[in-house]
1. Select from the range 57-79 the residues that are modelled with pLDDT under 90, in contact with a Phe, Trp or Tyr (Cβ under 7 Å, 6 or more places away or on another chain) and not small (Gly, Ala, Ser) and list them in ascending order.
2. Pull up the range 14-28, narrow it to residues that are more than 12 Å from the chain's Cα centre (by Cα) and loosely packed, with under 11 Cβ neighbours inside 10 Å, then point me to the one that is farthest from residue 45 (Cα to Cα).
3. Can you tell me which residues in the range 72-89 are farther than 14 Å from residue 27 by Cβ and touching a residue at least 24 places away in the same chain (Cβ under 8 Å)?
4. Of everything in the range 42-53 that's surrounded by 15 or more Cβ atoms within 10 Å (Cβ to Cβ) and among the aliphatic types (A, V, I, L, M), which residue is nearest to the chain's Cα centre (by Cα)?
5. Which one is surrounded by the most Cβ atoms within 10 Å (Cβ to Cβ) among residues in the range 55-89 that are over 11 Å from the mean Cα position of the chain (by Cα) and of a type in the set (Lys, Arg)?
6. Answer with yes or no whether residue 28 is under 18 Å from residue 79 (Cα atoms) and without any contact (Cβ under 8 Å) to a residue 60 or more places away in the chain.
7. Does the range 35-52 hold any residues that are of a type in the set (Gly, Ala, Ser), modelled with pLDDT of 80 or more and not in a helix (DSSP H, G or I), and which are they?
8. Which of the following residues is farther than 19 Å from residue 5 by Cα and of a type in the set (D, E, K, R): 60, 29, 51, 70?
Amino acid sequence: MYRYEDEKPKLLTDEGQRLFLKFRDDAIDVLGIAGAFRFDAISKRSHYVMDDWLRLACVDRMIELGELRDVTPPGTVGQHRIFISNRSK
């Protein structure tokens, strides 16, 4: 079962930061084109090796940093979570 608290330390390593930045760049690119994304769509776009728990941690880290907002309706399964930019234009 996914828990951000278990995955977050992996993001804070050198390799984890590199993966996070690649993921973040992809997410920002998709937001610039579509304005929103679903978790499963951004996971398929990722062209580098990363497990889904780490991808979820990247999204949760972006939320924690104030870059994304989760607008998922209650009861939606995790891979269908929906995110929009939390940055002001």
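The values are calculated or read from the model by the stated rules, or taken from the named source; none is laboratory data. In this text the structure is predicted, and so the values were computed from the model without any measurement. Note: ideal-geometry Cβ built from the backbone for every residue, glycine included; neighbour counts use all protein chains shown.
1. Scanning the range 57-79 gives a single hit, 79.
2. Initial filter on the range 14-28 (more than 12 Å from the chain's Cα centre (by Cα)): 14-18.
Next, only the ones that are loosely packed, with under 11 Cβ neighbours inside 10 Å stay: 14-15.
Working: 14: 22, 15: 19 Å.
The extreme case among them is 14.
3. Matches in the range 72-89: 78, 79, 80.
4. Among residues in the range 42-53 that are surrounded by 15 or more Cβ atoms within 10 Å (Cβ to Cβ) and among the aliphatic types (A, V, I, L, M), the one nearest to the chain's Cα centre (by Cα) is 42.
5. 87
6. Considered against the rule, which asks whether it is under 18 Å from residue 79 (Cα atoms) and without any contact (Cβ under 8 Å) to a residue 60 or more places away in the chain, residue 28 comes out as no.
7. 35, 36
8. Criteria check complete, one pass: 29.
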